[in-house]
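Visitor: One structure, as structure tokens, below. Some questions next.
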Amino acid sequence: MPGPRFVADPPEWTRRVEMGGLTALFHIPSGMTHLLAAPAPQILDVIANNPGDAAEILSRMTVDFDVDGGEDAILARLAELEASGLVSRV
């Protein structure tokens, strides 16, 4: 059975700056800035306006990114992103 589905805000609702292996992300709706390490920015990229569960997200990510860990690692990052307000369940 598939797990929960997650979605991120559209890219135009954020501003990003790459900083030596980290991504500084300003989330316009909340007015907050977040420092993200891989694979969090990549997760946001693949679920912006395109919901998915952990298996779908992992599958999408492996097209363009090297991914360490499996669905459990993706779920852990999704939980962190959800707690920070950058993704939501649909």
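Visitor: Go through segment 70-90 and count every residue that is touching a helix residue (DSSP H, G or I) at 6+ places or on another chain (Cβ under 8 Å) and in a loop (DSSP other than H, G, I, E, B).
Guide: Number of matching residues: 2.
Visitor: Same structure again: State which residue pairs qualify: first residue surrounded by 14 or more Cβ atoms within 10 Å (Cβ to Cβ) and inside segment 74-90, second residue of a type in the set (Ser, Thr, Tyr) in any location, beta carbons under 7 Å apart, and separation of 6 or more residues or different chains.
Guide: Within 7 Å, the pairs are Glu82/Ser88.
For (1) without any contact (Cβ under 8 Å) to a residue 60 or more places away in the chain; (2) within 14 Å of the chain's Cα centre (by Cα), each residue gets a yes or a no:
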{"site": "Ala8", "(1), (2)": "no, yes"}
{"site": "Glu12", "(1), (2)": "yes, no"}
{"site": "Gly20", "(1), (2)": "yes, no"}
{"site": "Leu25", "(1), (2)": "no, yes"}
{"site": "Ala40", "(1), (2)": "yes, yes"}
{"site": "Ile43", "(1), (2)": "yes, yes"}
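Visitor: For segment 7-33, name all the residues that are of a type in the set (A, V, I, L, M, F, W, C), surrounded by 13 or more Cβ atoms within 10 Å (Cβ to Cβ) and out of contact with any Ser or Thr (no Cβ under 7 Å at 6 or more places or on another chain). Give the steps one after another, and end with the answer.
Guide: Of segment 7-33, the ones of a type in the set (A, V, I, L, M, F, W, C) are 7-8, 13, 17, 19, 22, 24-26, 28, 32.
This time we only want the ones that are surrounded by 13 or more Cβ atoms within 10 Å (Cβ to Cβ), so: 7-8, 13, 22, 24-26.
Correct list: Ala8, Trp13, Leu22.
Visitor: Continuing with this model, one more query. Being farther than 20 Å from His27 by Cβ, of a type in the set (A, V, I, L, M) and part of a helix (DSSP H, G or I) is the filter here, so list the residues in segment 41-69 that pass it.
Guide: Across segment 41-69, the qualifying residues are Ala54, Ala55, Leu58, Met61, Val63.
Visitor: Being more than 16 Å from Ser88 (Cβ to Cβ), modelled with pLDDT under 95, crowded, with 18+ Cβ neighbours inside 10 Å and not polar (S, T, N, Q) is true for just one of Leu36, Leu58. Which residue is that?
Guide: Working: Leu36 fails: modelled with pLDDT under 95.
Exactly one residue qualifies, and that residue is Leu58.
Visitor: Which of the residues belonging to segment 1-24 are within 15 Å of Glu82 (Cβ to Cβ) and not small (Gly, Ala, Ser)? Working first, answer last.
Guide: Of the residues in segment 1-24, the ones within 15 Å of Glu82 (Cβ to Cβ) are 3-9.
Residues satisfying the conditions are Pro4, Arg5, Phe6, Val7, Asp9.
Visitor: Quick one: how many residues across segment 1-23 are part of a loop (DSSP other than H, G, I, E, B) and over 19 Å from Gly52 (Cα atoms)?
Guide: Pass one, segment 1-23, residues part of a loop (DSSP other than H, G, I, E, B): 1-5, 9-10, 20-21.
Those left that are additionally over 19 Å from Gly52 (Cα atoms): 20-21.
Summing the residues that are part of a loop (DSSP other than H, G, I, E, B) and over 19 Å from Gly52 (Cα atoms) in segment 1-23 gives 2.
The values are calculated or read from the model by the stated rules, or taken from the named source; none is laboratory data. The model shown is predicted, which means the values in this text are computed figures rather than measured ones. Cβ atoms come from the backbone with ideal geometry, glycine included; neighbour counts cover every protein chain shown.
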